[in-house]
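The values are calculated or read from the model by the stated rules, or taken from the named source; none is laboratory data. Just so it is clear, the structure is predicted and the values come from calculations on it, not from any experiment. In this analysis, Cβ positions are derived from the backbone assuming ideal geometry, glycine residues included, and neighbour counts consider all displayed protein chains.
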Amino acid sequence: MDFNDTAEEAAFREQARAWLQDNVPSADELEGLGEVEQAQLWQKRKYDAGWACIRWPKEYGGRDASAIEQVILNQEEAKYPALPGGVFGIGQGMAAPTLMAWAADEQKLRLLPKMASGEEIWCQLFSEPSAGSDLAALRTKAEKDGDEWVINGQKIWTSGAHYCDYGILVVRTDPNVAKHKGLSYFFVDMHSPGIEIKAIKQLSGDANFNEVYFTDVRIPDSQRLGAVGQGWQVAISTLMHERASIGGGGSGVDFKALLQLARTVTIDDKPAIEDSAVRAKLANWYCRRSGLKYTGYRSLSALSRGEMPGPENSIGKLVAAPMTQDMASFAMDLMEMSGAVWDEEFSPAAGLFQGTYMGIPGFRIAGGTDEIMANIIAERVLGLPQEPRVDKGIPFSEVPTGT
Amino acid sequence: MNFEFSEEQNLLREQAQGFLAEHCPMSKVRAVLDGEASYDRELWQKVAEMGWTATVIPEEYGGLGLSYLELVVIAEELGRVVAPIPFSSSVYLATEALILAGSIEQKERWLPKLAVGEVIGTFAMAEGHGRASAAGLATTADGGALTGTKVAVADGDIAQIAIVVAKADDGDGAALYLVELDQAGVALDPQRTLDFSRSHSRLTLSGAKAELLGSSGEGWALTQKLLDRAAVLFAWEQVGGAQASLEMAKEYAMGRYAFGRPIASYQAIKHKLANMYVNNTLARSNCYYGAWALNADAAELPLAAATARVSATQAYYFASKENIQTHGGMGYTWEFDCQFLYRRSKLLSVNIGSEGQWQDKLITAIEQSNAA
């Protein structure tokens, strides 16, 4: 056990640090660009210099780096909190490992480098209005027509669908077998005729998610990943990567921002950080954040051996999302009456805490609710039995549904 | 960077598990809890024969000269079985104090005996209720003689030496003193204890002969350093106990049926156990960092130790109380073993200072590193 860099790791860190120092885009360069354009500018620059998706094989645009090297790069990039990003996570974090495991070589060579460079952006088409936590209850159907499949139905909660080029899609290919056995997995060109995208206005007032409607959308059979009926298994492999990649805990309030706030606001004319109740809360959050960080480091060893991220990774989101919510809420308490004001000019950290308070409920739901995450830990890590289920062993078409 | 124990350390863990399964089943804890003896003397001797008490003591003083990474492996396993022996007092505190601050003569005199378990050491700090402070110390030294009263001295009745925190002979500061307990100026009276498997005593010093440990006046800083080092080791014991609580709860929940199915299949129970797993995992990961910082004597030790300590204290408390809850009525009986973990979790959490005290130290450490 040694938490210090080896000589080789230190050299890699220095290389990464130097490159970032010279290449991180300035505010002037980003001025006037939209969120997606900013992210693409930075991603392309990284790709051209060999700093994008570094763990991927070289032939797909990566550099065959180790998991530890990825962590080192992440640590160095984190020193630039204003770096654009966020739009490539689903593609690079979830679709890519799924493609690597299930797609044909020719497809990997064609799709992955463009995903790494940020030229093509991917989204995820899994959830449906009637299939959230019970994802395998999805109803969007695919019917075979020659060498193509014809898709009809509706997906929901699709981040970034409006600017994406491809999506990973799970559909029902056979309603007459048991729920999990009638699914198949595809990737789809988001510019295909018959796809219609509608933004969903969230409770925060933003619109990051979409409803995606499919009307007679045609997908070549060659874009199927895994066998017909094997879709659930492929989807699980994607979801394990989702839990590992969302595991960082969503954006928003960082411990450092809260600490800084506690140093500046006062309680009884003294900095809040000197108040013992404030210290106790901050200490608890620090412990959980630190625990997650080192849990992540420990799982690196398994990743370094090429193992899949296991169900243990569900812990990241389960801990980070509720904690971030509590931290944001507490930050506003520290502001006392002025906590009610959400104004970029007036509010501490340009309104970060209010913004997080409104954004974080979504993180406790996206990618598996807190409750589903706890079930995964209970059943898949601890080995506890499932609840009895009324949908087991009967064809999907006979499973009871609501209205 | 490397975040795993070595193969040798994992082998040591297996060996320790096998040894403790044979020599420290819960029935041994129960025997001490129910009986007159203050500890399991036979187990203590066997543990010493295994060399565990000698783990980090340098070879020149009769120890094995191994690293703290070996010692934390042993600490976790002892915590898991709720071992009724004075390991934390003697190894994490008294031995550590000597390694940290003892003169060559003091080390030569005591470490070889501590290494073989022939001498049991302990640590005496508290004088009453509430948080101790350097200014509040009422135990005083006068020409190498200590006078005052210490309370809740863990394993005091079976120890031969105590490391005592007292007001320094010269000036206002604190100092650490080594006191041999078998002498006229020392009285030890047992105090009834939350965890009957670990005795505690009141230590009355009436001009007791004492030797200064380390330099006078710097005793408070030395005490904090000692406690930081001990906190990592305590935290590993606590993580072991927390894990044992989860395993006990799981085993019961799998076998207990209600409304026609195992209670482990109900989400209310599953989520309870999942929360235990989450707390235990976070605490364990913080303990990895603490173990590294202790072993490397890293500048981050105060922060790493407080982080490990706070999260391990919380994890053990949560797991041990919810283990009883998972068992229902039977968990509240004398007959069931849940009580051992519940008792020990609180004992370990106050033995070297409360959760609140360590939360406070954690933030202090962050603020100091920020100022530096």
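Just one of the listed residues (A:LYS44, A:LYS114, A:LYS58) is in contact with a Ser or Thr (Cβ under 6 Å, 6 or more places away or on another chain), not assigned by TED's automatic domain parsing to the domain that holds A:TYR297 and not polar (S, T, N, Q), namely A:LYS44. Note on the stretch A:126-172: residues that are part of a strand (DSSP E or B) and acidic (Asp, Glu) amount to 4. For the stretch A:222-243, the criterion of being within 14 Å of another protein chain (Cβ to nearest Cβ) and part of a loop (DSSP other than H, G, I, E, B) is met by no residue.
Residues checked against (1) surrounded by fewer than 19 Cβ atoms within 10 Å (Cβ to Cβ); (2) among the polar types (S, T, N, Q); (3) within 8 Å of chain B (Cβ to nearest Cβ); (4) more than 27 Å from B:ALA291 (Cβ to Cβ):
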position: A:ARG288; (1), (2), (3), (4): no, no, yes, no
position: A:TYR294; (1), (2), (3), (4): no, no, yes, no
position: A:SER304; (1), (2), (3), (4): yes, yes, no, no
position: A:GLU307; (1), (2), (3), (4): yes, no, no, no
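Do any residues in the stretch A:379-403 that are away from every other protein chain (no Cβ under 14 Å) and more than 17 Å from A:ARG172 (Cβ to Cβ) have Cβ atoms under 7 Å from those of residues that are of a type in the set (Lys, Arg) and surrounded by 12 or more Cβ atoms within 10 Å (Cβ to Cβ), where the two are at least six apart or on different chains, and which pairs are they? Qualifying pairs under 7 Å: none.
Scanning the stretch B:101-134 for residues that are touching a strand residue (DSSP E or B) at 6+ places or on another chain (Cβ under 9 Å) and hydrophobic (A, V, I, L, M, F, W, C) yields B:ALA101, B:TRP110, B:LEU114, B:VAL119, B:ILE120, B:PHE123, B:ALA124, B:MET125, B:ALA126, B:ALA132, B:ALA134. Looking at the stretch B:259-372, the helices (runs of 4 or more DSSP H) lying wholly inside it that each contain 1 or more residues that are more than 12 Å from chain A (Cβ to nearest Cβ) and modelled with pLDDT of 95 or more sit at B:301-327, B:338-351. Of the residues contained in the stretch A:110-125, none is found to be among the aliphatic types (A, V, I, L, M), under 22 Å from the mean Cα position of the chain (by Cα), more than 18 Å from A:GLN43 (Cβ to Cβ) and in a loop (DSSP other than H, G, I, E, B). In this structure, does B:GLY260 turn out to be free of Cβ contacts under 8 Å to residues at least 24 places away in the same chain and more than 25 Å from B:LYS321 (Cβ to Cβ)? Considered against the rule, which asks whether it is free of Cβ contacts under 8 Å to residues at least 24 places away in the same chain and more than 25 Å from B:LYS321 (Cβ to Cβ), B:GLY260 comes out as yes. So for the stretch A:356-370 (the condition being touching a residue at least 60 places away in the same chain (Cβ under 8 Å), at the interface with chain B (Cβ under 8 Å from one of its Cβ atoms) and either touching a Gly at 6+ places or on another chain (Cβ under 7 Å) or on the phi < 0 side of the Ramachandran plot (or both)), does at least one residue qualify? No.
Could we say that B:GLY290 is surrounded by fewer than 21 Cβ atoms within 10 Å (Cβ to Cβ) and either in the same structural domain as B:VAL232 (by TED's automatic domain parsing) or farther than 17 Å from A:LEU292 by Cα (or both) here? Against the criterion (surrounded by fewer than 21 Cβ atoms within 10 Å (Cβ to Cβ) and either in the same structural domain as B:VAL232 (by TED's automatic domain parsing) or farther than 17 Å from A:LEU292 by Cα (or both)), B:GLY290 does not qualify.
Looking only at residues in the stretch B:50-89 that are free of Cβ contacts under 8 Å to residues at least 40 places away in the same chain and in a helix (DSSP H, G or I), the one that is nearest to B:PHE19 (Cα to Cα) is B:TRP52.
Filtered by the rule that a residue be assigned to a helix (DSSP H, G or I) and more than 9 Å from every other protein chain (Cβ to nearest Cβ), the stretch B:242-258 gives B:ALA242, B:GLN243, B:ALA244, B:SER245, B:GLU247, B:MET248, B:ALA249, B:GLU251, B:TYR252, B:GLY255.
Of all residues in the stretch B:32-47, those that are touching an Asp or Glu at 6+ places or on another chain (Cβ under 9 Å) and either outside the structural domain of B:GLU14 (by TED's automatic domain parsing) or crowded, with 20+ Cβ neighbours inside 10 Å (or both) total 3.
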